[in-house]
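Trainee: Before anything else, here's the structure in question.
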Amino acid sequence: MKTILIVEDETILREVLGELLIDCGYQVLTSSSGWQALDVLKTNNPDAILMDVMMPGMDGRDLYNEVRKLPSAGAVPIIMMSAIIRPSQLDPGIAAFVAKPFNLEDLVSAVERAVGPGETLA
Amino acid sequence: MLHVWASGVDGLDRVLGGGLAAGRAYLIAGEPGTGKTTLGNQLVFNHAATGQTAVFASFLTETYDSMLTNMRGFTFLDSSLIGTRVKFYSLMSGFAEGLEVMLSTIRGIIRDSGATLLVIDGATVIQDSLPTSFELRRFTQHIQIYSALLGCTTILLTTHTRDELRSIGAHVDGIILLTNERIESLHSRVIEVLKVRGLLQISGAHEFSMSSTGITVHPRLESIAGQHLPPEAAAIGLGTGIPGLDAMLGGGLIPYSSTLLIGTPGAGKTLLGLSFLTEGGDRGERGLIAGFHESAQEIAATASRIGLDLRRHIDSGMVHVMWTSPTELSVDEWAWRLFAMIDIHRPQRVFIDSLSDIQRLISRPQRLSAYVAALVNELRARGTTIFIATEIDSYVDQELIMPIPAALATMDNGILVRQIELNARLNRLITVLKARQAATDPVIREFVITDQGIDVSRPFLASDGPLTGRAEQANDDEAGSAT
């Protein structure tokens, strides 16, 4: 089963994103900040990272640059989410962009573009 | 961009600022018996009737058979939609397994059904049964995000009171509060939109009623005051049917003007109003009588006693009669019914008989002045010229006391008719207290009712206080000065 690391500082949104991606057949890891995400990546190898751009401390763009420096996660597809920042303001190497507020279709479509469909539970 | 859809509940969309927004979470709160379940079902069936899928899910132990039996009397319940576009689910089983399972169940319901409206009844039981009060807040936060992500408007029905809403209200996009109020012996159902994100709701209390069609919201009349402007008046000269009165008014009434007929009981206010409508009918102008006491037949008979052939205009549909029982009246419901009648029949002349009945029945008397101003404004905006009767309670007083002081200020014209005792004889008199046009007749005149009509041609030959009902005979010099 493909694993998605969700990096989102808003607790409820992080929880709900996790619930919905699990419903769609993905495994989920979660982090509430860029620093915590880097810790997670030391011991885990997700198939994609879904990250918010606007986060306190290390924001999504900083986290993107740090992840790209990691030997183990340098090529992992990264999907960015933002209500304010436009895709043209982000690194062209991102796998997908989701504009907030988004609906489930937008989200799943972006994740599927990055890593393919989730596994349907029997 | 906010996508707003019509609730299908008469009056509700107006107070919500347009309707319900797609993908938003709302809370409808109210104590038991306030109409939450009825409103929830009405929204579900109305939504399904537009071709969408709607779900009613409940934490309550009441079975759907039982609930639907209670709803069977409402015309919105279309049983052919049940199981196809209206689906019912019980959340009781997931409830026992904790919040996570419950949320998972709700996500599954929305996704599997493809619903664009989910109504959840009894959400308050989460608060009552789970270990901390935080659980209901967390549940609501999740529901709000599910609504947005899954594109499903969600409505939680809870028993919260106004004070209890503080803890949960921040986590929903809209809050509607239903209450039952008892003012003396009158029972009043009240709806308030406490919050709506992204729309301009009409705040404050609005009455609503429940009938076989379900809930109808009657937006507080004052809340729409000033939103519509009357048409430009073309020319002076709408006749009242009484040439002498037209002369007193400086040549008749300005079209789309409002006139308050003030008078003691039995002085002839109703006859003036009927003359105004009969004259309109004779000239091919449609009319409407909104009354509280007499049927169409009684009104026609009253008019015929003074030689007015109003029956012909009622029978031909030129003049309509809207009769309302004065015993149990929501004044807002009455006003919206009146506007609906006007929108259908398009009368040019409207006679309301009388404002005193509205004054007696309005639940909060302090509303009356603003209510009258809003009523008059809306009627004028609908292209009508208005006569409104109102009673002076006492036949004799120390001074002329206006029954609704601010009402006259909001009207273009004021006409006083009253009976006075003089020389052991009851006399009627009439005078123009106020008129929008400048050239009005300042003379107090006799108001004579015969079987041939009303005559106001003679000046009233008395002085010192006839308008208070305390007339004294004038001396010859004073009486001779008026013509």
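Read the figures in this text as sums done on the coordinates, not as results from a lab. All of these numbers come straight from a predicted model, not from anything done at the bench. Here the Cβ positions follow ideal geometry from the backbone for every residue, glycine too, while neighbour counts run over all protein chains shown.
Trainee: So if each residue of separation counts as 0.36 nm, and I subtract the Cα-Cα distance between B:SER369 and B:ILE82, what length gain in nm does that give?
Mentor: 98.6 nm
Trainee: Along the positive direction of the dipole of the range B:243-479 (beta-carbon charges: Lys, Arg +1; Asp, Glu -1; about the Cα centre), which of B:SER258, B:ASN413, B:THR390 reaches farthest?
Mentor: Working it through, the farthest residue towards the positive pole turns out to be B:SER258.
Trainee: Ok, one more. Pairs of alpha-carbon atoms within less than 8 angstrom and 6+ residues apart define the contacts here; what relative contact order does the range B:243-479 have, in percent?
Mentor: Worked out over the range B:243-479, it gives 26 percent.
Trainee: Continuing with the same structure: Relative to the longest principal axis of chain B, what angle (0 to 90°, nearest 10) does the C-alpha long axis of helix B:269-282 take?
Mentor: For B:269-282 against chain B, the angle is about 90 degrees.
Trainee: Taking amide H positions as placed 1.01 Å from N in the peptide plane, with prolines and chain starts having none, which residues 5 or more places from B:GLY250, or on another chain, fall under 5 Å of its amide H?
Mentor: B:ASP441
Trainee: Another question about this same structure. Can you return the lysines within cross-link range of B:LYS269? Criterion is Cα-Cα under 19 Å, with same-chain partners fewer than 8 residues away left out.
Mentor: Within the straight-line limit of under 19 Å, B:LYS269 reaches these lysines: B:LYS434.
Trainee: Kirkwood hydrodynamic radius for chain A: how many Å is it when counted over pairs of different Cα atoms?
Mentor: 14.1
Trainee: What FRET efficiency would be calculated for the residue pair B:ASP393, B:PHE134, taking the C-beta separation as r and a Förster radius of 60 Å, to the nearest 0.05?
Mentor: Once rounded, the FRET efficiency stands at 0.55.
Trainee: Given the -39500 (n - 2.57) contribution per DSSP H run of 4+ residues, what per-residue ellipticity at 222 nm results for chain B, rounded to the nearest 500 deg cm²/dmol?
Mentor: It comes out at -9000 deg cm²/dmol, rounded to the nearest 500.
Trainee: Sort B:LYS36, A:LYS2 by Cβ crowding within 10 Å, fewest neighbours at the top.
Mentor: Going from least to most buried by this count: A:LYS2, B:LYS36.
Trainee: Now for a separate question. With only Lys, Arg, Asp and Glu charged, each at its Cβ (+1 for the first two, -1 for the last two), find how big the charge dipole of the protein assembly as shown is about the Cα centre; round to the nearest 20 debye.
Mentor: 840
Trainee: Right, another one. When DSSP beta bridges are limited to those with both residues in the protein assembly as shown, what percentage is antiparallel, rounded to the nearest 5?
Mentor: 35
Trainee: Averaged across B:149-156, how many Cβ atoms of other chains sit within 10 Å of each residue's Cβ atom?
Mentor: The per-residue average across the peptide is 3.
Trainee: Charges on Cβ only, +1 for Lys and Arg, -1 for Asp and Glu, centred on the Cα centroid of chain B; of B:LEU375, B:PHE59, B:LEU16, which one is farthest towards the dipole's positive end?
Mentor: Value computed over the given set: B:PHE59.
Trainee: In nanometres, what is the gap between the two model label sites at B:ARG337 and A:MET54, each 7 Å from Cα along Cα-to-Cβ?
Mentor: 5.1
Trainee: For B:GLU62 and A:ASP91, FRET efficiency with R0 = 35 Å and r from the beta-carbon atoms, rounded to 0.05?
Mentor: Computed FRET efficiency for A:ASP91 and B:GLU62 comes out at 0.05.
Trainee: Same structure, new question: With each pseudo-label sitting 7 Å past Cα toward Cβ, what's the B:ARG425-A:ILE12 distance in nm, one decimal?
Mentor: Between B:ARG425 and A:ILE12, the label points sit 8.1 nm apart.
Trainee: Turning to a different aspect of this structure: As an exercise, identify the GluC sites (Glu not before Pro) in the range B:1-101 lying in DSSP coil whose Cβ has no more than 16 other Cβ atoms within 10 Å.
Mentor: Counting only loop positions with at most 16 other Cβ atoms within 10 Å, the GluC sites (Glu not before Pro) in the range B:1-101 are B:GLU62, B:GLU97.
Trainee: Using a cut-off of 15 Å between alpha-carbon atoms, which aspartates and glutamates can reach B:LYS195, once sequence neighbours fewer than 8 places away in the same chain are excluded?
Mentor: Of all the aspartates and glutamates, those that pass the test against B:LYS195 - Cα under 15 Å, at least 8 places apart if same chain - are B:ASP13, B:ASP163, B:GLU164, B:ASP173.
Trainee: Next up: Determine the gain in length on full extension of the stretch A:ASP23-A:ARG68; use 0.36 nm per residue of separation and subtract their C-alpha separation, reporting nm with one decimal.
Mentor: Going from the current span to full extension adds 13.3 nm.
Trainee: Tell me the angle of helix B:134-150 to the major Cα principal axis of chain B, expressed in degrees between 0 and 90 and rounded to the nearest ten.
Mentor: Compared with the principal axis, the helix lies near 80 degrees.
Trainee: Most exposed first by the Cβ proxy, i.e. fewest other Cβ within 10 Å, how do B:THR390, A:THR120, B:THR450, B:THR440 rank?
Mentor: A:THR120, B:THR450, B:THR440, B:THR390
Trainee: Give me B:ARG418, B:ARG367 ranked fewest to most by other Cβ atoms within 10 Å of their Cβ, as a rough exposure proxy.
Mentor: Fewest-to-most ranking of B:ARG418, B:ARG367: B:ARG367, B:ARG418.
Trainee: Any chance you could give the angle, 0 to 90 degrees and rounded to 10, that helix B:36-49 forms with the longest Cα principal axis of chain B?
Mentor: Relative to chain B, helix B:36-49 is tipped by roughly 80 degrees.
Trainee: Determine, from the Cβ-Cβ distance of B:ALA96 and B:SER304 and an R0 of 60 Å, the FRET efficiency 1/(1 + (r/R0)^6), rounded to the nearest 0.05.
Mentor: After rounding, the FRET efficiency stands at 0.20.
Trainee: Loop-only GluC sites (Glu not before Pro) in the range B:292-348, please: DSSP not H, G, I, E or B, and at most 14 other Cβ atoms within 10 Å.
Mentor: Listed in order of number, the matching sites are B:GLU328.
Trainee: Follow-up question, since we're still on this one. First check a/c for the range B:164-234, with a ≥ b ≥ c the square roots of the eigenvalues of its C-alpha gyration tensor; if it is under 1.5, answer rounded, and if not, answer prolate when a/b is larger than b/c or oblate otherwise.
Mentor: Because a/c hits 1.5 or more and a/b fails to exceed b/c, the range B:164-234 counts as oblate.
Trainee: What are the lysines whose alpha-carbon lies under 23 Å from the alpha-carbon of A:LYS2, with same-chain residues fewer than 8 places away excluded?
Mentor: A:LYS42, A:LYS69
Trainee: Let me have the relative contact order for chain B, percent, based on Cα pairs under 8 Å that are six or more residues apart.
Mentor: Reported as a whole number, the value is 14 percent.
Trainee: Here's a follow-up. Quickly work out the B:SER295-to-B:ASN180 label distance, labels modelled 7 Å from Cα along the C-beta direction, and quote it in nm with one decimal.
Mentor: According to this spin-label approximation, the distance is 3.4 nm.
Trainee: So how strong a dipole does the range B:45-169 carry about its Cα centre when Lys and Arg Cβ are +1 and Asp and Glu Cβ are -1, to the nearest 20 debye?
Mentor: In debye, rounded to 20, the range B:45-169 gives about 340.
Trainee: State to the nearest 20 debye the size of the charge dipole of the range A:3-90 about its Cα centre, where the only charges are +1 on K and R beta carbons and -1 on D and E beta carbons.
Mentor: Computed charge dipole of the range A:3-90: roughly 400 debye.
Trainee: So what does log10 I(q)/I(0) come out to for the protein assembly as shown at q = 0.06, 0.10, 0.12, 0.13 Å⁻¹, using the Debye formula with one equal point on every Cα and no solvent?
Mentor: Normalising to I(0) and taking log10 leaves -0.49, -0.90, -1.12, -1.24.
Trainee: Moving to a separate point now. Rounded, prolate or oblate for the range B:4-219? Axes are the square roots of the Cα gyration tensor eigenvalues, ordered a ≥ b ≥ c, and the cut-off for rounded is a/c under 1.5.
Mentor: It is rounded, given that a/c, with a ≥ b ≥ c, falls under 1.5.
Trainee: Of A:SER88, A:LEU21, A:PRO46, which is farthest on the positive side of the dipole of the range A:3-90, counting Cα position, with +1 on Lys and Arg Cβ, -1 on Asp and Glu Cβ, and the Cα centre as origin?
Mentor: A:SER88
Trainee: Can you compute log10 of I(q)/I(0) for the range B:302-441 with the Debye formula, treating each Cα as one identical point scatterer, at q = 0.09, 0.15, 0.16 Å⁻¹?
Mentor: These q points yield log10 I(q)/I(0) values of -0.34, -0.94, -1.06.
Trainee: A further question follows. If you average the C-alpha positions of the range A:1-46 and of the range A:53-95 separately, how far apart do those two centres end up, in angstrom?
Mentor: Here the two parts' Cα centres lie 14 Å apart.
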